[in-house]
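The block underneath contains the structure these notes are about, expressed in structure tokens.
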Amino acid sequence: MNMSSFIGDYTCKADNKCRVVVPSSFRKVMAVSQQSLFVLRKNVFEKCIDMYPMDEWEKMMTGLNERLNRFNAKHVAFLREFCRGTQEVEMDANGRILLPRKMLEEVGIQKEMVLAAQDAMIQIWDADTYDKVALSPGELGELAGEILGNG
């Protein structure tokens, strides 16, 4: 079954055990595809955590494996680093996930965080950092022209 898109960004706080409630709109998307498992990994470029529903993670890994040569040392090193520190987390009956404290510390998340939809996955940011990485409308327009073309 195809995954629907996640939409929106939500400011959340973790409890003392590092549990955070997944926003209800995100839980609805997961319920549609009857999923409760996520895979967490540190983002390659930014100080945030990428949170993939398990089926999206598997789809991405399949795509990666189609392009990787297991007998090429660079490819093997890339895959090792790409998967380093990944964690599987499951939503409990109350819609909470337990975030690994070490991972939160590595990306600088104290208490307040933003769960930001990125189509079929979610990013977890420190709330202040998320504000700082926002582009101005001019920068966004410029990027749109560059990436999507001007005509």
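The values are calculated or read from the model by the stated rules, or taken from the named source; none is laboratory data. Not measured: the values here are computed from a predicted model. So basically every Cβ, Gly included, is an ideal-geometry build from the backbone, and we count neighbours across all protein chains shown. Just so you know, the surface numbers come from the protein's heavy atoms only, side chains and all, with ligands and any DNA or RNA stripped out. Shrake-Rupley method; radii C 1.70, N 1.55, O 1.52, S 1.80 Å.
What the table shows:
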{"quantity": "Any hit, the stretch 71-88, residues being of a type outside the set (Asp, Glu), within 23 Å of Val20 (Cβ to Cβ), in contact with a Pro (Cβ under 9 Å, 6 or more places away or on another chain) and free of Cβ contacts under 8 Å to residues at least 60 places away in the same chain", "calculated": "yes"}
{"quantity": "Selected residue (criterion: nearest to Glu56 (Cα to Cα)) from residues of the stretch 92-130 that are open to solvent by 30 Å² or more (accessible area, probe 1.4 Å) and among the polar types (S, T, N, Q)", "calculated": "Gln118"}
{"quantity": "Matching residues, the stretch 27-55, being basic (Lys, Arg) and either assigned to a strand (DSSP E or B) or on the phi > 0 side of the Ramachandran plot (or both)", "calculated": "Arg41, Lys42"}
{"quantity": "Some residue of the stretch 68-80 being more than 21 Å from Gly8 (Cβ to Cβ) and touching a strand residue (DSSP E or B) at 6+ places or on another chain (Cβ under 6 Å)", "calculated": "no"}
{"quantity": "Meets criteria (open to solvent by less than 90 Å² (accessible area, probe 1.4 Å) and farther than 22 Å from Ser36 by Cα) for Val89", "calculated": "no"}
{"quantity": "In the stretch 27-44, residue most open to solvent (accessible area, probe 1.4 Å) [restricted to those that are farther than 15 Å from Glu90 by Cβ and not aliphatic (A, V, I, L, M)]", "calculated": "Lys28"}
{"quantity": "Residues that are open to solvent by 80 Å² or more (accessible area, probe 1.4 Å), at pLDDT 95 or above and not in a strand (DSSP E or B), drawn from the stretch 3-26", "calculated": "Ile7"}
{"quantity": "Unique match (being under 15 Å from Ile122 (Cα atoms), free of Cβ contacts under 8 Å to residues at least 24 places away in the same chain and of a type in the set (A, V, I, L, M, F, W, C)) among Met91, Met30, Met60, Met54", "calculated": "Met60"}
{"quantity": "Flag for Arg70 being among the basic types (Lys, Arg) and in a strand (DSSP E or B)", "calculated": "no"}
{"quantity": "Residue match in the stretch 64-80 (condition: loosely packed, with under 12 Cβ neighbours inside 10 Å and touching a helix residue (DSSP H, G or I) at 6+ places or on another chain (Cβ under 6 Å))", "calculated": "yes"}
